[in-house]
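Notes follow once the structure below has been shown.
Every read-out reported here was derived from the displayed coordinates using simple, explicitly stated rules and does not represent laboratory data. In this text, all values refer to a predicted model and were calculated from it rather than measured experimentally. Note that we place each Cβ from the backbone using ideal geometry, even for glycine, and neighbour counts take in every protein chain shown.
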Amino acid sequence: MSSQSSIKRACIIAVGLVATAIAGPCDLYASGDTPCIAAHSTTRALYSAYTGNLYQVQRGSDSATTNITPLSAGGVANAAAQDAFCAGTTCLITIIYDQSGRGNHLTQAPPGGFSGPEANGYDHLASAIGAPITLNGQKAYGVFSSPGTGYRNNAASGTATGDEPEGMYAVLDGTHYNGGCCFDYGNAETSSHDTGNGHMEAIYFGDSTSWGSGAGSGPWIMADLENGLFSGVSAGNNAGDPSISYRFVTAAVKGEPNQWAIRGGNSASGGLSTFYSGVRPDVSGYNPMSKEGAIILGIGGDNSISAQGTFYEGVMTSGYPSDATENAVQANIVAAGYAVTSLTSGPALTVGSAISLRVTTPGYNTRYIAHTGTTVNTQVVTSANTTAIKEQASWTVRTGLGNSGCFSFESVDTPGSYIRHYNFVLLLNANDGSKQFGEDATFCPMAGLNGQGNSIRSWSYPTRFMRHYDNVLYAASNGGTDTFDATASFINDVSFVVSAGFA
Ligand SMILES: *[C@@H]1O[C@H](CO)[C@@H](O)[C@H](O)[C@H]1NC(C)=O
């Protein structure tokens with residue numbers, strides 16, 4: 001071979017490498033001899049060559065489903081396809097597909113030690129629009145998991161069992177959490193029941209202090225090993241496990257015989273730090289482990305459903321990944337460019353302005369959202385009514401108490417009191433300053449589902465919208481278990497025209 005032709009060949013190889021997509025997280029785990037055996041993401045492909053289904057959505061209007069794929073091999077999810085399919089109705093995420101080829105898909109979690117809130121005891125499915133983000137400027141949606149929401153696969157293949165080694169990571173919303181049990185992603189019981197210490201090995205994210213804890217007031221990345229959230233070697237506090245304040249957080253847990261680790265970092269920049277690496281907990285049942293190999297998302301191993309959190313992507317591996325492999329995966333996540341985007345759409349609301357909210361349902365469209373004491377209702381209001389009536393039907397727009405990307409609605413005649421949901425009934429209550437109140441009182445307007453005005457979803461339960469039903473306001477889901485969730489008239493009942501306040 002002449003030197004000329006070998007140069008030419010080197011150039012062709014170089015061009016070929018440039019044309020090859022950047023290695024995805026699961027390509028990197030494979031290079032490290034710890035391949036993904038489950039790969040879940042509603043935001044992007046996790047292999048550079050993956051072009052298959054990322055997730056399935058089901059719409060409320062006709063119960064039809066569609067699969068969302070990446071825009072290109074290894075690319076970002078086609079959010080525009082979801083938006084088109086779900087236009088003018090509601091959508092739920094029904095399946096989060098496994099990209100590893102093993103068929104380890106996540107679907108609606110069945111009842112277990114705890115029963116889910118659906119009529120059949122299953123958990124709720126997540127809204128398809130609760131967690132919009134961008135990846136290098138391309139819109140995509142994460143999985144916003146409210147309390148009661150959960151996904152599971154109790155017949156997964158290739159997951160670690162017994163004391164076998166495994167690793168896992170997840171990209172989560174570091175600002176969406178609570179202290180309930182348990183927002184988890186990872187390995188759990190195949191029976192959906194608590195079968196004892198060491199029968200789980202999952203990432204936990206939240207500020208529960210019922211078991212372990214870390215530095216500060218949380219939230220923390222911990223490991224749910226069953227009957228305990230562990231931040232380190234003991235069931236107590238590990239000061240080396242820091243409170244997390246990143247909007248996007250990479251959480252990693254891995255375990256092998258008498259060795260495990262917690263690592264974490266900012267998904268938008270920088271590397272991973274090790275928060276614990278050492279021997280198994282010094283409590284009976286955790287060494288050796290008795291992993292069962294089911295996969296859970298958003299719930300505990302026994303289907304505990306009190307927690308909330310947001311999941312964007314995550315994988316589980318066969319084998320104990322090296323720190324170097326995880327560091328390369330973190331660099332890939334940073335390069336993917338996670339960023340926030342608007343949580344609202346439709347006619348814009350102006351913070352500080354007083355507004356009225358008029359019903360659009362035919363036969364009721366002279367009624368406005370108002371209150372009588374703590375009851376939030378609808379009333380017929382005109383410019384001829386008394387000032388007292390007009391003030392009852394006027395609301396001051398405030399920056400969302402629980403999320404600054406959305407809004408809260410303060411009563412004009414009762415300053416300091418806001419519309420909030422409580423057991424999915426809307427009430428006018430005084431702001432007690434708590435995180436719970438702020439989240440209950442935060443709503444995200446979007447273009448009206450019936451084409452008029454705005455539909456106003458709950459930030460913390462994005463499957464639920466402000467809805468009038470028998471002239472009372474609820475946080476209602478389309479076809480849920482309560483009478484006020486009825487599908488008939490739902491689209492009209494959740495659409496309100498925003499105008500200037502009466503007072
Ligand atoms: C407002 O005035 C209209 C017209 O007089 C009346 O029908 C309606 O009941 C009044 N609204 C309330 C809440 O009293």
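Only four residue types carry charge here, +1 at the Cβ of Lys and Arg and -1 at the Cβ of Asp and Glu. Report the dipole size of the chain about the Cα centre in Debye, rounded to the nearest 20.
Charge dipole, the chain, about its Cα centre: 1560 debye, nearest 20.
Taking θ as phi - 60°, what are the ³J(HN,Hα) couplings along region 123-139 by the Karplus curve (6.51, -1.76, 1.60), each to the nearest whole Hz, with x for Gly and Pro?
With the stated coefficients, region 123-139 comes to 7, 6, 8, 7, 4, 7, 10, x, 9, x, 8, 10, 10, 6, x, 8, 5 Hz.
Excluding residues fewer than 8 places away in the same chain, name every one of the aspartates and glutamates whose C-alpha is closer than 12 Å to that of Lys254.
Hits, sequence-local ones excluded: Asp163, Glu164, Glu166, Glu201, Asp224, Asp323, Glu326.
Taking 0.36 nm per intervening residue step and subtracting the Cα-Cα distance, what contour gain separates Asp323 from Asn67 on full extension?
88.7 nm
Could you calculate the FRET efficiency of Ala215 with Ala335 from 1/(1 + (r/R0)^6), where r is the beta carbon distance between them and R0 is 35 Å, rounded to 0.05?
0.75
Can you tell me which aspartates and glutamates have their Cα less than 20 Å from the Cα of Lys390? Leave out same-chain residues fewer than eight positions away.
Within reach: Glu410, Asp413.
Just to be sure I understand the model, the point goes 7 Å from the Cα along the line to the Cβ. What's the resulting Ala384 to Tyr422 distance in nm?
With each label placed 7 Å out from Cα toward Cβ, I get 3.6 nm.
Once the Cβ-Cβ distance between Thr51 and Thr274 is put in as r, and R0 is 41 Å, what FRET efficiency do you end up with, to the nearest 0.05?
0.75
Averaging over every viewing direction, what projected area does the convex hull of the Cα atoms of the chain cover, in nm²?
Computed as one quarter of the Cα hull surface, the answer is 25.3 nm².
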